[in-house]
Structures are given as C-alpha cells and as structure tokens.
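S.K.: Okay, here's the structure, questions in a sec.
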Amino acid sequence: MDVLTEICAALRLKASLYFRAELHGPFAIRLPQERHHIRFHCLLEGDCLVTVPGAPPERLEKGDLTLVPDGTAQTLSSVVDAGPLVDLADVLAANPPRDGVLAAGSGSPRTSILCGFLAFDELLRHPVFAGLPAVMVLKSGAPPFAAALRLLGEEAALSGPGATMALHKIVEILLMQALRDAAGAGGDSRGFVAALRDARLGRGLVAIHAEPHRPWTIDTLSGLAGMSRSSFSDRFTTKVGMSPHAYLTRWRMIRAREMLAEAELDMTAIAERCGYGSVPAFTRRFKETFGMAPGAWRRQAIAGT
C-alpha cells in the first residue's frame, strides 16, 4: 500500500452525501462552519458561485466539483448579488429534503448541485490536510479530474442499487487526485504530499511508514535522503509543517490506534511495533497525544464495533 493510501485508510476517510439540491430562481445560501469536514459540491446543472471568507468567489460550471477543507463557512449563490443571504438551516426547515432531494425556490433558472462531505478521524490531526487552499475547484474538462467527474455526473443521475456507494467512492478518488494536484510539481511547493513527491524527503517518509518501529533519527533519515542533518530537518519541517521526530511520533500514534482496535494484539506487541521499548513509555506518549490511556481507548473502540 502506498503512503497516501495508507494515511487515508488510517484516518478512516469516508465520503457522505447531504442531498441533491434542486434550486429554482436566484439563491444565496449560507453554510456555517462545521467541524473539520471537507465539504464538496458538484454542479450538475446551472450556474453557481462558491465563496468563503477572505477569498473571491469561485465560479462552478456544469460538471465541476469544489472541495472546501476544514469545515469552513461558505456561501453558495447563483450570482454575485443574488439577494439577502439565507441560512441553510432555514432553507432545510422550510423545505425538508425528500428521498435525498432538497427542492427550494420557484421559477428559473434551475440549478442542481450534489452536496456532501468527506469526514475523517479529526483527533489524529495528520498534516496531509493541512495547508490546502481555502477552496479547490476541480474542472470537468481538466486532467486528471475529467474521467472521475464525468462518472460522478453519470452516477448522480441514477437512483438504482449501489448508486450512493458509487458516488461516495468517486468523491474519495477525486480528493486523492486533488491532493496530488495541489502539491504541484514545483520544488518550492509545500504540504505533506509535496514532501512525499520530493525525491529526497520522500525516501524518509516512505521509510517511516514502512518501518515505524525502527529507532529512526535525523542521522539515519537524512542519510537515506542523501542530505545533511540540518538541510533535511529544515526542508522536512518547512514542507510537512512539523519536524521529522514529531511526524514519526504522530504516525506511530496513528498506527497504535489502529492496532488497539484489534483485540488479538497485546499491549507489549503494540508498543514494540510502534518503536517503544516498554509499555509504560508507550502509554505515556499515547495519553499525551489522545488524552486517555491506550487500554481505555481499546475498550472504547472495541465496545463501539
């Protein structure tokens, strides 16, 4: 499994739909801040502007999809001056969705938008989603998104068995493509995926993910990267947003949570697989990270399955 896939699996990344909005006439709907979900809107028909605080409106064309990270408050509107803003809660109260469709307004033009979100385990705070643009627009005619967006539009028009799951999976694929695209190909780009694509830093990240139990140090990681200790540490920290040691610890704790959910592994084995020589040392780090002891988290996780 490649590193990015492994991370998204560990974060339990999952797409869900709110509804398909069928809006008639001009509209201006305000969506509030909501946890750290990554909201998405795919324009199936009509015209739509997506606006977040502090940024100019982004215009969607038919077939485009926008991703809004970090649960940021946002406005969906038909035009720049579409009239007074209406809170989404008020729209839903006046027009309760039926069979997954929110129908509101009257007259023309007609706008159809597939709305949903991508959720993940927010307690893990992995840097893969840090530093993303406030709004990402995936254009229907631009590679690498064209094929997946076309399939998304086709599936959205269906209502047969399996259509909802297909929509979820396509959106998850589009997020992976957007993460790669946002990293860019330039050497000065920042972010976790940019670090992963960096020829030198990538070797260190792949090594950490392949063998998190090893006693990695700046010396061994910089040696793999073919860089000096200071150059590796500075470049890693700049791109990833945390030091190599901090990232190693974060990934070990993420893996620990996964393993704790598996009842067949005892605490000693988990500590060793996470690079800790003793259960007490592992327990201290886990509690510092998540605010509870690993045994308590295991009982909670198993009880919830």
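S.K.: When Cys8, Cys42 are ordered from fewest to most other Cβ atoms inside 10 Å of their Cβ, what list results?
M.R.: Least to most surrounded, the residues fall as Cys8, Cys42.
S.K.: If you don't mind, another one. How much net charge surrounds Cys274 when only the other residues with a Cβ under 9 Å from the Cβ of Cys274 are counted, with Lys and Arg +1 and Asp and Glu -1?
M.R.: For residues surrounding Cys274, the net value is +3.
S.K.: Using θ = phi - 60° and the Karplus relation 6.51 cos²θ - 1.76 cosθ + 1.60, list the HN-Hα couplings for region 264-275 in order, rounded to whole Hz, with x at every Gly or Pro.
M.R.: Whole-Hz 3J(HN,Hα) from phi for region 264-275: 6, 8, 7, 5, 5, 5, 5, 4, 5, 5, 9, x.
S.K.: Provide the convex hull volume over Cα atoms per residue for region 1-128, in Å³.
M.R.: Values: hull volume 16.0 nm³, N = 128.
Residue-normalised Cα hull volume stands at 125 Å³.
S.K.: What fraction of the DSSP beta bridges in the chain is antiparallel, stated in percent and rounded to the nearest 5?
M.R.: Details: 35 of 42 bridges.
Of the beta bridges lying entirely in the chain, close to 85 percent run antiparallel.
S.K.: Can you give the local net charge around Pro26? Use residues other than it whose beta-carbon is closer than 11 angstrom to its beta-carbon, Lys and Arg +1, Asp and Glu -1. List each step's numbers first, then the result.
M.R.: Values: positive: none; negative: Asp47, Asp81.
Computed value for this residue: -2.
S.K.: Summing +1 for each Lys or Arg and -1 for each Asp or Glu, what net charge is found among the other residues whose Cβ lies under 15 Å from the Cβ of Ser140?
M.R.: -4
S.K.: Sticking with this structure for a sec: What number, in nm² with one decimal, is the all-direction average of the projected area of the convex hull of the alpha-carbon atoms of region 192-303? Before the final figure, lay out the partial values.
M.R.: On the way: hull surface 28.0 nm².
The directionally averaged projection comes out at 7.0 nm².
Every number here is computed from the coordinates shown, using simple stated rules; none is lab data. In this text, all values refer to a predicted model and were calculated from it rather than measured experimentally. Don't worry about glycine lacking a Cβ; one is built from the backbone with ideal geometry, like all the others, and counts go over all protein chains shown.
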